[in-house]
Amino acid sequence: MPDPAVTLFSRRRFLNASGGTLLAPAIITAATSLRAQQKVDSNETLRVGLIGCGGRGTGAAAQALTADYNTKLVAVADAFDTQIESSIKNLSTQFPDRIDVKPEMRFTGLDAFKKLLATDVDVVLLATPPGFRPQHLTAAVESGKHIFCEKPMAVDAAGYHVAMAAVRKAQEKKINLVAGFCWRYSASRIEAYKRVHGGDIGEIRDIYASYHTGPVKPMPEASSRPAGMGDAEWQIRNWYNFSWLSGDSIVEQAVHSIDKVVWAMRDTPPISCIASGGRQISAEGGNIFDHFNVTYEWDGGVLCHFGSRQQRGTHSEVIDVVSGTKGRLVLGKGQYPYIEGEKRWRHREGERQMHQAEHDALFAAIRKGEVINNGDRMMLSSLVAVMGREAAYTGQKLAWKDDSAPAAGRDEDFVVSGKDKDAKKEKAPERVALAMMSSQQDLAPDNLQFGDKFEPSPMPQPGVTKFA
């Protein structure tokens, strides 16, 4: 196996070189393929490549083909050939004349994305497990493709900094980059938040958000693992249950709710958060929680209380309530959002399905020669979700930046130990500043191969698990 220290996309090497700052890695160079730019305002066919052929990737491909009548799916890549065959079969029934994936354009394996990006596709859809997203996003930007990037964009601090550098380079190169935070493309939600930001509910005082659902991809019994299957392959096949691949449910799924909170707060980061969470339903082998409760604080004392749960037989509810000094915005109770208070409002018009709307926007921009780049907000929401997860995993209060982190213990801070007459004051343990933007966490190994042995981090224990 290649030395991780010299791998092209080494996340650790990037962090060590950058010190956690948003420097672009040296591997990003000038575009080698900008064929789509030559097709602006033309009737030429846009060639689409799909990286990640699971359910979400197949859905994204269908939406891409629906968005522009003159598109074709010409290349696909996935770790597993069975995923590729299933995806092509499904899409061929919907678009029989526009699926043109020759055998030599079907790439499998963990390096399949590199082979697809070396082809002449114009637009690439990134829909693999998110642990791979920073690497794939970086390579897609380097290749000069226009990009649809499914959420989340990173599962840890190392991935965040790598992906953020790719965002900056995409901005420089005027590459379209549309994020899979689909609520941002919902006409009713766009109007709702426009009203909030326009003052219809007054000053925001607090937010409540929930993401209570059933399990998404339950972990199978360990006994079902085929003989001889390596750790890496087993974990990738069950990716949702491993934090290095999914980021946990709060980062992979509930990040939609967190994105809406960040949207309400005008895409500014919180100053701190505290959280709890754990796993009540056993799942042998995985290392993710099945419930979270996070309180984020923004400047001005605005608190967001967010809760999520993924357990069978429980109440399902995904709602958002933004309360202000003159009213409140409610999303999720009924089909459309509404405002209660001095300026009552309810969205009553129909709207384009939001997953489709984001692809409509991407392909319209390409055809018009315009540029959409969702990079800054998509990375912010991803890292805010990681922050909430880490606060729950460690049981510690986390700050966004060093200058807002808890101060070290002072001489006058004491705790009482002992009982009755033996009681005495002792100096409290020093409090260490814990800031999300200084994190060096790197969950994903470099250059892992299917047959490799790999022991993921153990199930987190609040109060024991350390903040990296």
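If packing is taken as the mean number of other Cβ atoms within 10 Å per residue, what is the order of 246-258, 319-331, highest first? Present the calculation step by step, with values, prior to reporting the outcome.
Details: 246-258: 26.9, 319-331: 20.0.
The most tightly packed comes first, giving 246-258, 319-331.
Apply the a/c threshold of 1.5 to the C-alpha gyration tensor of the stretch 235-303 and tell me whether it is rounded, prolate or oblate. Here the stretch 235-303 falls in the prolate category.
Let me know the shape class of the stretch 113-254, please: from the alpha-carbon gyration tensor, a ≥ b ≥ c as square roots of the eigenvalues, rounded when a/c is under 1.5, otherwise prolate if a/b is greater than b/c, or oblate.
Details: a/c = 2.49, a/b = 1.24, b/c = 2.01.
Oblate is the answer for the stretch 113-254, as a/c is 1.5 or above yet b/c matches or exceeds a/b.
Extents of the stretch 346-394, taken as max minus min of Cα coordinates on every principal axis and listed largest first, are 46, 33, 15 Å.
From the Cα gyration tensor of the stretch 278-332, with a ≥ b ≥ c the square roots of its eigenvalues, which class applies: rounded if a/c is under 1.5, or else prolate if a/b is larger than b/c, or else oblate? Intermediate results must be reported in sequence, preceding the final value.
On the way: a/c = 5.10, a/b = 1.95, b/c = 2.61.
Because a/c hits 1.5 or more and a/b fails to exceed b/c, the stretch 278-332 counts as oblate.
May I ask you to list the chymotrypsin sites (Phe, Trp or Tyr not before Pro) in the stretch 61-143 that are in a DSSP loop and have at most 10 other Cβ atoms within 10 Å of their Cβ? List each step's numbers first, then the result.
On the way: sites: Tyr69, Phe80, Phe107, Phe113, Phe132; in loops: Tyr69, Phe80.
Filter output for the stretch 61-143: Tyr69.
Using the Stokes-Einstein relation with a Kirkwood hydrodynamic radius computed over Cα pairs, the translational diffusion coefficient of the stretch 254-360 at 10 °C and a viscosity of 1.306 mPa s comes to 97 µm²/s. The tail of the calculated P(r) for the stretch 203-264 beyond 13 Å holds 70 percent of all Cα-Cα pairs.
Taking 0.36 nm per residue of sequence separation and subtracting the Cα-Cα distance, how much length would be gained by fully extending the chain between His315 and Asn70, in nm to one decimal? Please report the intermediate quantities before stating the final value.
Numbers: separation 245, 0.36 × 245 = 88.20 nm, distance 4.36 nm.
Stretched fully, the His315-Asn70 segment lengthens by 83.8 nm.
Scalar couplings 3J(HN,Hα) for the stretch 367-381, obtained by applying the Karplus form with A = 6.51, B = -1.76, C = 1.60 to θ = phi - 60°, are 5, 8, x, 9, 10, 10, 9, 8, x, 4, 6, 5, 6, 4, 4 Hz; x denotes Gly and Pro.
Taking the centroid of alpha carbons for each part, the stretch 68-115 and the stretch 313-353 are 39 Å apart. Along the stretch 239-254 the Karplus relation, 6.51 cos²θ - 1.76 cosθ + 1.60 evaluated at θ = phi - 60°, assigns HN-Hα couplings of 4, 5, 8, 10, 5, 5, 9, 9, x, 6, 4, 5, 8, 7, 10, 5 Hz to successive residues, with x for each Gly and Pro. Taking 0.36 nm per residue of separation and subtracting the Cα-Cα distance, full extension of the segment from Asp452 to Arg266 would add 62.6 nm.
Just order 117-123, 458-464 by mean Cβ neighbour count inside 10 Å, highest at the front, would you?
117-123, 458-464
Highest mean first, the peptides 195-204, 391-400 sorted by other C-beta atoms within 10 Å per residue fall in the order 391-400, 195-204. On the basis of the beta-carbon distance and an R0 of 41 Å, Asp206 and Asp97 show a calculated FRET efficiency of 0.20.
Every number in this text was worked out from the coordinates using simple rules, so none of it is lab data. Not measured: the values here are computed from a predicted model. Cβ: placed from backbone, ideal geometry, glycine included. Neighbour counts: every protein chain shown.
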